[in-house]
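**Student:** I'd like to ask you about the structure that follows.
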Amino acid sequence: MAGDGPGTGRARRRDDPRGDHHRKHLDLIERDRRRLWHPYAAMPSALPAVPVVAAAGTTLVLADGRQVIDGMSSWWAAIHGHRHPFLDEAVRNQLESMAHVMFGGITHPAAVELAELLVEIAPPGLEHVFLADSGSVSVEVAIKMALQFARGTGHPERTRLLTVASGYHGDTLAAMSVCDPVTGMHSMFGDILPDQLFAPQPEPVYGETFRAEHIADFAGLLAAHRDEIAAVILEPVVQGAGGMRFYSPDYLAEVRRLCDRHGVLLIADEIATGFGRSGRLFGCDHAGVRPDIMCLGKALTGGYLSMAAVLCTAEVAGGVSAAESGALMHGPTFMANPLAAATATASVRLLLSRPWADEVAAIEESLAAGLAPAAAMPGIADVRVLGAIGVIETADPVPLAATQELLLDRGVWLRPFGRLLYTMPPYISSAGDLRRITGAMVAAAEALR
Ligand SMILES: *Cc1c(COP(=O)(O)O)cnc(C)c1O
């Protein structure tokens, strides 16, 4: 990249009329593009990233001085907003004793406290906790648990997973194998992914009446392949990145019943739904269902640090430990990281200390009222809201760059994908924040005509 070095750049920028601040801002964008990968992006990425220099409460401060609302809770995670004093203090307190220590052969108070708290609030019967370092890894661990359980209970032939279309479970290889086969990455990686079983997407949509025929295909697949299946895996009630769909809790309850009938484990991927997002503490709570294995992530640390958790029943733990290895074969370097664990405990305690259910219900009401005007617009396929999740589904793909610019001009950060324009705001969002978000979304929908 001759002519692109610091020397020429400095010379060129010296007569930039817009001043130092602007220069620094451009510099950051350029340096980022030269070195860094972004999620699902080329190198260099097609669109320049938006530089954020600070975040507090619901606000992101951009390098050009603009302040915008984080309408994504930074990918479902920052439920309490940014720089929450209680979470900041939890990080500082933990730093006073230690940032990290290996978990092989060692334990520490932050891990024990978090595990006890998660067991206390999870559906009863989930008793044991594996603290992983990201959501995708927790899905890998959950799948390994199911496979090792099958071996440990005398069924080594049970090596496949059954799932539903429109799901999303992460980007590592086993997790990818159970993502939606069309919108997921099967077309690119199909040759090397394990061959899993897919039932149609769960129906009916949330709020409509469930009938037996809605689950007939799923039930048929499970009955036909029960001797090959180690576990069923799905996202309870809310399907996130695979389509932002909400489906009937009765479907989930029936999945549980069928798994019991056929002696197949149920893995609930609560990475997006956990910690109140759908209006219940966990997605499974809509159906009163207890999975055999449950994955938590995203909002676990309130958006501060990367951590996920896999909870399982005593029966699963016993089966896994009876396998020939006599152990669950996973152990990441940063397992149970004390900083993340202490922050997670603080975030969960903060959530439980707040009237979170009322807050989420109020957000649901605001989102429904604010997004309603989009429903009748041409080019809009559907508008739907559940808990603190609001979705405008468009007929054609949303033009990302133009839409994002319009949203930023209106003071809102969102990350549309495909035909989905959606928000999952922090629970601390004010009525004004929510009006700004829904107003910007409706304006973006209008601009699509
Ligand atoms: C985000 C997500 C994952 C993956 O979590 P990462 O922390 O991004 O690896 C898995 N499952 C669901 C339902 C998710 O929303």
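All of the numbers you see were taken from the coordinates with simple rules; none came from a lab. It should be emphasised that the depicted structure is a prediction, and the values quoted were computed from it without experimental measurement. Cβ placement follows ideal geometry from the backbone for every residue including glycine, while neighbour counts extend to all protein chains displayed.
**Student:** List the GluC sites (Glu not before Pro) within the range 263-366 that DSSP assigns to loop and that have no more than 14 neighbouring Cβ atoms inside 10 Å.
**Tutor:** Answer in residue order: Glu324.
**Student:** Determine the sum of side-chain charges near Glu116: Lys and Arg each +1, Asp and Glu each -1, restricted to other residues whose C-beta is under 14 angstrom from that of Glu116.
**Tutor:** On the way: positive: Arg349; negative: Glu113, Glu120, Glu127.
Overall, the nearby charge balance is -2.
**Student:** Right, here's the next one. At a 10 Å Cβ-Cβ cut-off, how would you order Val316, Val289, fewest neighbours first?
**Tutor:** Working: Val316 28, Val289 22.
Lowest to highest Cβ neighbour count: Val289, Val316.
**Student:** Now a separate question. Within the range 31-48, what residues put their amide N at less than 13 Å from the label point 7 Å along the Cα-to-Cβ vector of Phe189?
**Tutor:** 40
**Student:** Can you give the angle from 0 to 90° between the axis of helix 338-353 and the longest principal axis of the chain, with both taken from C-alpha atoms, to the nearest 10?
**Tutor:** Taking the Cα atoms of the chain, the angle to 338-353 is about 90 degrees.
**Student:** Oh, and also: Between Ile106 and Ala368, take the C-beta separation as r, use R0 = 45 Å, and let me know the FRET efficiency to the nearest 0.05. Could you put the intermediate results ahead of the total?
**Tutor:** Values: r = 49 Å, r/R0 = 1.08.
Calculated value: 0.40.
**Student:** Sticking with this one: Quick check for me: using +1 on Lys/Arg Cβ and -1 on Asp/Glu Cβ, what's the dipole size of the chain about its Cα centre, in debye to the nearest 20? Don't jump to the answer; show the numbers that get you there.
**Tutor:** On the way: 37 positive and 50 negative charges, 257 e Å.
Using only the charged Cβ atoms, the result is roughly 1240 debye.
**Student:** If you don't mind, another one. Expressed as cubic angstrom per residue, what is the convex hull volume of the alpha carbon set of the range 81-127?
**Tutor:** Output value, Cα hull per residue: 105 Å³.
**Student:** Applying 1/(1 + (r/R0)^6) with R0 = 51 Å to the Cβ-Cβ distance of His225 and Arg92, what FRET efficiency is obtained, to the nearest 0.05?
**Tutor:** After rounding to 0.05, the efficiency reads 0.50.
**Student:** Over all pairs of distinct alpha carbons, what does the Kirkwood formula give as the hydrodynamic radius of the chain, in Å?
**Tutor:** 23.2 Å
**Student:** Return one number: the angle in degrees, 0 to 90 and rounded to the nearest 10, between the long axis of the Cα atoms of helix 249-262 and the longest principal axis of the Cα atoms of the chain.
**Tutor:** 40 degrees
**Student:** Now for a separate question. Among Met441, Met329, what is the fewest-to-most ranking by other Cβ atoms within 10 Å?
**Tutor:** Met329, Met441
**Student:** Shifting gears a bit: What's the percent breakdown of Cα-Cα distances in the range 208-365 across 10 Å bins, shortest bin first?
**Tutor:** Histogramming the range 208-365 at 10 Å steps yields 10, 32, 35, 19, 4, 0 percent.
**Student:** Please list, by residue number, everything in the range 154-170 whose backbone N is under 12 Å from a paramagnetic label point 7 Å out along Cα→Cβ of Ser321.
**Tutor:** none
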